[in-house]
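The values are calculated or read from the model by the stated rules, or taken from the named source; none is laboratory data. What you see is a predicted model; the values in this text were computed from it and never measured. In this analysis, Cβ positions are derived from the backbone assuming ideal geometry, glycine residues included, and neighbour counts consider all displayed protein chains.
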Amino acid sequence: MRTIPASHVVQGIADALQYVSYYHPPDFVLALRRAYDTETRPAARQALLQLLVNSKLSAQAHRPVCQDTGIAHIYARLGMDARIASDGPGPTPTLQALADQAVRLAYRCPANPLRASVVVDPLGARTNTGDNTPAVLHVELVEGDRLALTVVAKGGGGDAKARYAMLTPSDSVADWVVEQLPGMGAGWCPPGVLGVGVGGSPEQAMALAKRSLFAPIDIQALRERGPRDAVERLRLDIYDRVNALGIGAQGMGGDTTVLDVKVAQAPSHAALLPVALVPNCAATRYISFVLDGDAPPRFEVPPASAWEGIPDHLPPHAGRAVNLDMLTREEVRSWRAGETLLLTGRLLTARDAVHKRLADLLAQGRPLPVSLDGRVIYYVGPVDAVGDEAVGPAGPTTATRMDKFMPALLAHTGLLATIGKAERGPLAIEAIRRSGTAYLCAVGGAAYLVSQAIRQSRVVAFGDLGMEAIHEFTVRDMPVTVAVDAQGRSVHALVPA
């Protein structure tokens, strides 16, 4: 019986979570570079460049690639001839307790604090745990005398777009998957990887889809040698058909929507065909390792060649300069969908919890804690700053979650524009058109790069909400795209589906 010290488990998971927060897997960077090199549409090509520069800068600075530093998923395969034992006083904690201890250490690391996104009591107060615990733990008992771990930081944008269906055995899995993509929108920050789970029970299909994502990107190698079975044929079929939709990077229209398609299957009831779909976003974060009891794992720094040739900063942007401190409704009305803007000046931040509070105050006829008249709101929950940073990684969150609040905010506060990622729904677009305002897009998944444009940050309201508080950012030349203009024209509506 091999003994694995509990401290090795904790250190391994904690180190892995830190590692994946700032290092993309090299195969992902290579696939992203290939997409950039072959992209023919300017907006998508610019978004891909931002993702590549962000990946390089994050690796150099050891700061998160995305402000959504994910929920910790731990996949453990424990050999039947291995045991985890406490190497300190007292009984051995449960594996869940060890995983939670590791998450707590990783997310509270002073040198690279990660954003705590987990809330308890989801139907009630939704109080943030403050340290991103608990971890989502999956345990499998297998042959052998070692502990194999896959540590994942899975962002909310991808999980929010998960899909499930119970098909019949005669239905086409590929048809169903391709039909889902247009309705998923761009909130999962394409391009990324699609995980497809087929068979098993409903919960098994979802688990298969998610676990399939944590393997190297190899679709081009598969194409070169040719498919050998039904699973590989399905991967290629979905890959080609999804990319032919033209959704592209950030949903702006482009040649590459997915970098790979992974498929995992399990035996199922003869009358059933469960199918699940889970996307992985541009913040692809996972690593696998094995503990044998001899020592904690050591993670090798990815080769510098992975980022060779990628610039250290974006080239000078061509775009309309906008002074946020002197912004008028007339100027906003002059913006056109698809236009690039460079924002300089002060803007406010707000996410879900803040919007709910603002809506309640408006409904009660009570004053807001900060005036929105003539202001711009950025949908973001930033990572805490370290050193001389004004703010930590601060990329946009999905705008559609705030759609239901738009009619009241735009009608009663004097708000001029909002900034987020992905498309807006019909309710928000109509409110934007009616009020003569605008919606702007920043690149999701390029959070550390975006933070370089933020020169100052301070909390101005609802400080009890932590990362969801209202901050005031002072920005300089922050690049955004006009996604919905004052006439209600949406760049996402132009994307073929």
Per-region count, segment 122-140, residues part of a strand (DSSP E or B) and of a type in the set (A, V, I, L, M) | 3
Boolean, Arg357 is in contact with a Ser or Thr (Cβ under 6 Å, 6 or more places away or on another chain), in the same structural domain as Val459 (by TED's automatic domain parsing), touching a residue at least 60 places away in the same chain (Cβ under 8 Å) and not hydrophobic (A, V, I, L, M, F, W, C) | no
Set Arg298, Arg366: member being over 25 Å from Ala411 (Cα atoms) and basic (Lys, Arg) = Arg298
Would you mind stating whether Arg83 is part of a loop (DSSP other than H, G, I, E, B) and touching a residue at least 12 places away in the same chain (Cβ under 8 Å)?
-> no
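Could you tell me whether segment 449-458 includes any residue that is under 30 Å from Thr257 (Cα atoms), part of a strand (DSSP E or B) and in contact with a strand residue (DSSP E or B) (Cβ under 7 Å, 6 or more places away or on another chain)?
yes
Which residues, taken from segment 331-383, are hydroxyl-bearing (Ser, Thr, Tyr), over 28 Å from Gly70 (Cα atoms) and at pLDDT 95 or above?
Ser334, Thr344, Ser371
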Considering only segment 215-231, state which residues are outside any helix (DSSP H, G or I) and of a type outside the set (Gly, Ala, Ser).
-> Pro216, Ile217, Asp218, Pro227, Arg228, Asp229
Kindly indicate which of Gly144, Gly183 is assigned by TED's automatic domain parsing to the domain that holds Leu51, surrounded by fewer than 20 Cβ atoms within 10 Å (Cβ to Cβ) and out of contact with any helix residue (DSSP H, G or I) (no Cβ under 7 Å at 6 or more places or on another chain).
-> Gly144
Filter result (among the small types (Gly, Ala, Ser) and either at pLDDT 95 or above or farther than 16 Å from Leu291 by Cβ (or both)) within segment 86-105 = Gly88, Gly90, Ala97, Ala99, Ala102
Inter-residue pairs, beta-carbon under 9 Å, first at positive phi and assigned by TED's automatic domain parsing to the domain that holds Val29 and in segment 446-457, second modelled with pLDDT of 95 or more and not in a loop (DSSP other than H, G, I, E, B), 6+ apart | none
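For segment 141-175, enumerate the residues that are outside any loop (DSSP other than H, G, I, E, B), more than 27 Å from Leu32 (Cβ to Cβ) and more than 22 Å from the chain's Cα centre (by Cα).
Scanning segment 141-175 gives Leu141, Val142, Leu147, Ala148, Ala165, Met166, Leu167, Asp175.
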